[in-house]
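This report concerns only the one structure given below.
The values are calculated or read from the model by the stated rules, or taken from the named source; none is laboratory data. Quick caveat: nothing in here was measured; it's all calculated off a predicted structure. For neighbour counting, all protein chains shown are included, and Cβ atoms are generated from backbone atoms with ideal geometry for every residue, glycine included.
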Amino acid sequence: MTKLDLTKEFKNYYSAKTTPALETLGPACYLSICGKGDPSGEGFAEKIQALYPVAYQLKFAFKAKGKDFVVAKLEGLWWYDETRYSDVSISEAPKAIPREEWEYRLLIRIPDYVRREDVDLAVKECVAKKGNDLIREVTYFEMNEGNVVQMLHIGPFDTEPVSLGVIYDFILGHGFGRNGLHHEIYLSDFRKTPPEKLKTILREPVN
């Protein structure tokens, strides 16, 4: 049985250079769970712990059908109240916006053959097995970002503003406008990787 690895199937999606570049992405589907608050807090960790059981439930269900796949990297969309913080740029936001004000949508990309009803069934089965009601918040989600400016950030999360500043200058210098939510792909497992070695794709949709 051939195992589908989305990181190899969609190399342009899961790779970036250490300098900003324009990339065009197609539509994709995901497992998703939303939240608000400090990403270093317990609530954020609990959201992640609700997402992964559903991913593995789907993996094993489709493996039984002859369609095995590798569970993909964790991702996140991040935003805040831009009316309240209208004068804050994307490069300033990580330090200027209080952590408790950030909202997020955690994502795990899934194969295109996984449908909404498959996700709904996996959620139901996971709740029954785990007894964790937070899993009920996991949903099927579709996204088509189109044109994006992205860059690979190497190092701890608290130094991301430096890379975001470089991205912001690139966006302004090329006359682009923002066209979506700030997107991060966590290539490293931040629970096990030293902060200075973390690799994170930073992505900004543009038009």
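Descriptive notes on the structure:
Condition check ((1) farther than 19 Å from residue 187 by Cα; (2) among the aromatic types (Phe, Trp, Tyr); (3) surrounded by fewer than 18 Cβ atoms within 10 Å (Cβ to Cβ)) across all residues:
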{"site": "9", "(1), (2), (3)": "no, no, yes"}
{"site": "15", "(1), (2), (3)": "no, no, yes"}
{"site": "21", "(1), (2), (3)": "no, no, yes"}
{"site": "31", "(1), (2), (3)": "no, no, no"}
{"site": "36", "(1), (2), (3)": "yes, no, yes"}
{"site": "44", "(1), (2), (3)": "no, yes, no"}
{"site": "49", "(1), (2), (3)": "no, no, yes"}
{"site": "52", "(1), (2), (3)": "no, yes, yes"}
{"site": "56", "(1), (2), (3)": "no, yes, yes"}
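- Of the residues making up the stretch 101-133, those that are under 19 Å from the mean Cα position of the chain (by Cα), assigned to a helix (DSSP H, G or I) and farther than 18 Å from residue 184 by Cα are 116, 119.
- Here residue 172 qualifies as out of contact with any strand residue (DSSP E or B) (no Cβ under 8 Å at 6 or more places or on another chain), in a helix (DSSP H, G or I) and farther than 25 Å from residue 51 by Cα.
- The listed residues are 152, 202, and the only one of them that is closer than 23 Å to residue 24 by Cβ, modelled with pLDDT of 95 or more and in contact with a helix residue (DSSP H, G or I) (Cβ under 6 Å, 6 or more places away or on another chain) turns out to be 202.
- Identity of the residue in the stretch 177-207, surrounded by 10 or more Cβ atoms within 10 Å (Cβ to Cβ) and of a type in the set (S, T, N, Q), that ends up farthest from residue 164 (Cα to Cα): 193
- When the stretch 6-33 is filtered for residues that are touching a Gly at 6+ places or on another chain (Cβ under 9 Å) and not in a loop (DSSP other than H, G, I, E, B), the ones remaining, listed by number, are 24, 25.
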